Amino acid sequence: MQLAIKLIFAQVGIDQILDNGAATSQSLAEGWDKQWLELLQTNTSNNLYGTLTNLGIFFAVGTLLFFMIQFLKDLISYEYSRPISALIWPFIVVVLLSNSGNGSILSNLTLGVRNFLNTVNQQVVVSADAGKIYQQALNMSVAEEVAGSLLRPCQSLTGEQQSQCFVKAAEKVNVLWQKYRNIYGNKNWINRLQTKVDNIRYGTGIVSETSFNSLLGSTVQTSIKNFLVSLQYAFQNLIEATMLLIAALGPIAVGGSLLPVAGKPIFAWLTGFLSIGIAKISFNIIAVLTAAVIVNGPGQNANVDPDLMWFIIFLGILAPILSLLVAAAGGFAVFSAISNTASLVKERI
């Protein structure tokens, strides 16, 4: 949820930020879906995808010469066995690059694969994040920053001014606690944080100086957390942008597939596309499983006061790296499987 990124409570109400954050996330998702449709299925004769399709056709015509040279060479050397099986490639290229103006077969297949990967990703998230575990863990990590940003101005005041400042800040924070309860229910971690704020507000003395300073935090720590949370959202959008870029370059990969080489460009393109999908799914699995450890552990104990800075670091830096490594390994396995299968089919035909 992007509400955790912008701590601008002095200018805007907390409930408005919560609603705006959810609306922004939904708007971004819809924007990506619309961009995919506009690129791959809307007026593909004149848009960017149409231009790249024409470039792919140009590459196909250029590489056809090399294909024919290799075809004639094989015809002389192997009579009719291998040359006949190689004729399937010009047919595949022509079919995939045929553009009707409302999307080619290649663009429709690409969009279908993307929708399939998104469906699998959504099923993974829904099944593993039934109780909104990921959002809970993220909000647990930033909730103290939210409260601290409201209480921090009171730290420099004294006497009645400080008391009044705490009262006003606590009233604003209570809106946040109520929003959390409406979404997640009456969780122990919400009660724990509310108790800490109330103890500071009413000056009961139960909260230690260390806990007090920990709750207030610092502007530097808040900025670091905001940056790391923004970083993981940036990674998710980068994944989507990369998938769209690879999809747009599909016609060029298909057009170059007539080259008489063992590793066809279309295989490398398909491997790259699937690898990015694996990275997207892997990141969500890692994030949800790690969040479950926090929510089902410290989140259930009202007496535990965990430092969840590690979770923000994990989401912003380590999880993207790990998901890309998994995607690279998976992509290599997919490319090897496709290449070996193509070689086997070519030998059998």
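A short reminder: the numbers here are calculations on the coordinates, not readings from a lab. Owing to the predicted nature of the structure, the values given are computational and were not obtained by experimental measurement. Neighbour counts run over all protein chains shown; Cβ positions are idealised from the backbone, glycine included.
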Average silhouette area of region 36-185, convex hull of alpha-carbon atoms, in square nanometres: 17.1
Over 28 Å between alpha carbons, listed pairs 172/280; 132/225; 34/280; 34/132: 172/280
Residues of type lysines that residue 73 reaches as a straight line, Cα spacing below 17 Å, ignoring anything fewer than 8 places off in the same chain: 346
Length added when fully stretched, residue 120-residue 42, from 0.36 nm per residue minus Cα-Cα: 25.6 nm
Difference of contour (0.36 nm per residue) and Cα-Cα distance, residue 94 to residue 29: 20.0 nm
Förster-model FRET efficiency, 51 Å R0, residue 223 and residue 55, C-beta, rounded to 0.05: 0.70
Under Karplus coefficients 6.51, -1.76 and 1.60, residue-wise ³J(HN,Hα) of region 308-322 in Hz, glycine/proline x: 9, 4, 4, 5, 5, 5, 4, 5, x, 10, 6, 4, x, 5, 5
Euclidean distance between Cα centres, region 215-292 to region 86-153, Å: 10
Virtual spin-label span in nm between residue 333 and residue 301, 7 Å along Cα→Cβ: 3.6
